[in-house]
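Student: Please read through the structure below; I'll follow up with questions.
The values are calculated or read from the model by the stated rules, or taken from the named source; none is laboratory data. Note that the structure is predicted; figures quoted are calculated from it, not measured. Using ideal geometry, Cβ is built from the backbone for each residue, glycine included, and neighbour counts are taken over all protein chains shown. Surface accessibility is based on the protein's heavy atoms, side chains included, excluding ligands, DNA and RNA. Shrake-Rupley method; radii C 1.70, N 1.55, O 1.52, S 1.80 Å.
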Amino acid sequence: MPIKKPSLLALLLALIPFVAMCFSVALWDRIDPMILGIPFNLAWLVCWIVLSSLCLWAAYRVEATRSKDRGAR
Amino acid sequence: MSPSAVSLTTIFAIVGIGVVIGFLAGVRRKMNLEQWTVGARGFGMLLMFLLMAGEIYTTFSFLGASGWAYSRGGPTLYILAYLSLGAGVSFFILPHIWELGRKYKLQTQSDFFGLRYGNKYLAAFVCVVGVIFLIPYLQLQITGLGIIVNVASFNGIGRTSAMAISVALLAAFVLASGVRAVAWISVLKDVLMLVAAVSIGIGIPYLHYGGIGPMFAALAQTRPAHLTMPGATTSLGHSWYITTVLLSALGAYMWPHAFGAAFTAKSGDTLRRNAIVMPLYTITLAFILFAGFTAVMVVPGLPDGDLALLTIVRQSFPAWFLGVIGGAGALTAMVPASILILTAATLFAKNLCRPIFAPTMTDDQVAKLARGMVLVLSAISLYLAIHSSTTLVSLLLLGYAGVTQFFPGVVLGLYWKHVTMPGVFAGMIAGVAIVAYLILTHQDPFMGWSAGFVALCINFLITAILSLLTPAMPPLDQTHN
């Protein structure tokens, strides 16, 4: 230890949900416009739950390709 | 049969099925210490997902989240955010923890600190802090069980006796089965929870307002402030939201049981893929919030917000369905509670008693002591649950404030080669002391920030500064070869 560091790209991908769901709260914490009858803040978070899963999947692909490259060398 | 008999019978039938599944999963294996605690490191993707989901989706999310939607409003949204973000954090931490676990035969969080920083007192301190802050989480589950039985019996069974019955059942269950049983009951629990969450989340707004949209429209009309932050509170605004989400996301896998669960995985890759799907699991929470928001208008004026979900279910559906929801809720409390007790008991015996007080103990004796501790911990949590009136969410936030203080030691231990034992030890002591002080003097939130997050920042700072001032530690590979 310390172990191999994750790639910058993977870290950035994982950071996107933090910006969207946490730091930017002041921008989306409101009722209107309602999305499918659901207040905007609640709808925004539900939407980002799915998107954060996608971000992690992308980070996984990045890391997996990287370790494959290293294995080939 | 009276309505209370119908709902109670249904609950006990569901819990009974769960217990049978648990016993069957445990009975065919002869369990040594490693089997009982980490399932011999053989959990694949599916079992792993179930185990982790089983830990994360607890009475807190079921009764607590809807309770806060009812009593606090907007601030409850933090619950939708932090689990997804916590999964992102775990993606970069747990696979490495798992690798070290396999290499050095680690079983607990305290083992990790002992290995990384080579100091048995630090390891013991981690263990003590872990056990102390697991107790509010355990207390939360027991309170939840009490509420379920109490509401389902139409107040026929008092909350205290309801909690006592639940705790006895829980302790018997944990002693008989171990971690594998818990993962398998999660299957039943998850299916039931999914059905329960979706049906009440859609059904309750539909029955009272003709749909989710009309329900929110009515709430936005009558109490618009309730739907945004700070909602019905004065202190839980945006800075509270950001600091609380960060605290909880960083701490989500610092719980001794969640951290320890990483050791049960088959590979580091299992844990990474698990992190990808974990956020999706929290979508069902939105449905539970729908029910909580409906309750604001349908059953106003409840003395305790945590009663909101079950009260509105009782008012909207027949007794047997209340039983199904109650049964799902009961399993949702029992599964995590079993894991919590199991973890705390093992930590106490293996990482506190043996290294500090009785180095000659054999593995079998440790296992016996751990089993004894199951009873002690159950009794303590029951006592606290009977004598407390805190909301379920506040209990969990208290636990998070404590366990997140492990984060600097874990993340710097993995990624920063200059980190030293004195730095981590001092930072952690300061963090825990600040949490204790701010919470006991009722200063949470502190200047609009979550008290645990304030403590975490100071913890990080002290750890970093002292680490740079103290001599560097030899790399692990040299000390352990």
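Student: Could you pull out the residue among B:Gly423, B:Gly413, B:Gly409 that is surrounded by 21 or more Cβ atoms within 10 Å (Cβ to Cβ), farther than 17 Å from B:Gly260 by Cα and not aliphatic (A, V, I, L, M)?
Tutor: B:Gly423 is the lone residue from the list that is surrounded by 21 or more Cβ atoms within 10 Å (Cβ to Cβ), farther than 17 Å from B:Gly260 by Cα and not aliphatic (A, V, I, L, M).
Student: Residues B:Ala172, B:Ala196, B:Ala176: which one is crowded, with 19+ Cβ neighbours inside 10 Å and more than 14 Å from chain A (Cβ to nearest Cβ)?
Tutor: Among B:Ala172, B:Ala196, B:Ala176, only B:Ala196 is crowded, with 19+ Cβ neighbours inside 10 Å and more than 14 Å from chain A (Cβ to nearest Cβ).
Student: I would also like to ask the following. Considering only the stretch B:440-458, state which residues are within 14 Å of B:Phe407 (Cβ to Cβ) and open to solvent by 30 Å² or more (accessible area, probe 1.4 Å).
Tutor: B:Cys457, B:Ile458, listed by residue number.
Student: Before we move on, is B:Tyr281 open to solvent by 10 Å² or more (accessible area, probe 1.4 Å) and in contact (Cβ under 8 Å) with a residue 12 or more places away in the chain?
Tutor: yes
Student: Residue under question is B:Ala249, and the condition is that it be more than 10 Å from chain A (Cβ to nearest Cβ) and either touching a Phe, Trp or Tyr at 6+ places or on another chain (Cβ under 6 Å) or within 30 Å of B:Gly326 (Cβ to Cβ) (or both); does it hold?
Tutor: It is false that B:Ala249 is more than 10 Å from chain A (Cβ to nearest Cβ) and either touching a Phe, Trp or Tyr at 6+ places or on another chain (Cβ under 6 Å) or within 30 Å of B:Gly326 (Cβ to Cβ) (or both).
Student: Still on this structure: For the stretch B:344-440, list the helices (runs of 4 or more DSSP H) that sit wholly inside it and hold at least 3 residues that are more than 20 Å from the chain's Cα centre (by Cα); which are they? So that I can check it myself, show each step before the final result.
Tutor: On the way: elements: B:363-386, B:392-403, B:407-415, B:421-440.
Of the helices (runs of 4 or more DSSP H) lying wholly inside the stretch B:344-440, those with at least 3 residues that are more than 20 Å from the chain's Cα centre (by Cα) span B:363-386, B:407-415, B:421-440.
Student: Just checking, which of B:Pro300, B:Pro359, B:Pro355 is within 29 Å of A:Gly37 (Cβ to Cβ) and either open to solvent by 10 Å² or more (accessible area, probe 1.4 Å) or among the aromatic types (Phe, Trp, Tyr) (or both)?
Tutor: Within the list B:Pro300, B:Pro359, B:Pro355, the selection yields B:Pro300.
Student: Hey, another quick one. Among the helices (runs of 4 or more DSSP H) lying completely within the stretch B:1-104, list those that include at least 1 residues that are open to solvent by 10 Å² or more (accessible area, probe 1.4 Å) and at pLDDT 90 or above.
Tutor: Those helices (runs of 4 or more DSSP H) span B:3-27, B:65-71, B:78-104.
Student: Here are B:Gly130, B:Gly144: which of them is touching a Pro at 6+ places or on another chain (Cβ under 6 Å), open to solvent by less than 20 Å² (accessible area, probe 1.4 Å), small (Gly, Ala, Ser) and closer than 22 Å to B:Ala379 by Cα?
Tutor: The unique qualifying residue is B:Gly130.
Student: Would you please name the residue that is nearest to the other protein chains (Cβ to nearest Cβ), looking only at residues in the stretch B:199-208 that are within 15 Å of B:Leu285 (Cβ to Cβ) and open to solvent by 10 Å² or more (accessible area, probe 1.4 Å)?
Tutor: The qualifying residue nearest to the other protein chains (Cβ to nearest Cβ) is B:Ile202.
Student: Then there's this: Working only within the stretch B:209-234, note down all residues that are within 27 Å of A:Leu15 (Cα to Cα) and more than 7 Å from every other protein chain (Cβ to nearest Cβ).
Tutor: Passing the criteria: only B:Pro230.
Student: Report yes if B:Trp320 is more than 20 Å from the chain's Cα centre (by Cα) and closer than 28 Å to B:Val191 by Cβ, otherwise no.
Tutor: Values: more than 20 Å from the chain's Cα centre (by Cα): yes; closer than 28 Å to B:Val191 by Cβ: yes.
Against the criterion (more than 20 Å from the chain's Cα centre (by Cα) and closer than 28 Å to B:Val191 by Cβ), B:Trp320 qualifies.
Yes/no matrix, rows are residues, columns are (1) modelled with pLDDT of 80 or more; (2) among the aliphatic types (A, V, I, L, M); (3) within 23 Å of B:Ala385 (Cβ to Cβ):
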position: B:Ile165; (1), (2), (3): yes, yes, yes
position: B:Ala171; (1), (2), (3): yes, yes, yes
position: B:Leu175; (1), (2), (3): no, yes, yes
position: B:Ile185; (1), (2), (3): no, yes, yes
position: B:Lys189; (1), (2), (3): yes, no, yes
position: B:Leu192; (1), (2), (3): yes, yes, no
position: B:Val195; (1), (2), (3): yes, yes, no
position: B:Val198; (1), (2), (3): yes, yes, no
position: B:Ile202; (1), (2), (3): yes, yes, no
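Student: Which of the following residues is among the hydroxyl-bearing types (Ser, Thr, Tyr), within 28 Å of B:Val20 (Cα to Cα) and touching a Lys or Arg at 6+ places or on another chain (Cβ under 8 Å): B:Thr284, B:Thr332?
Tutor: B:Thr332
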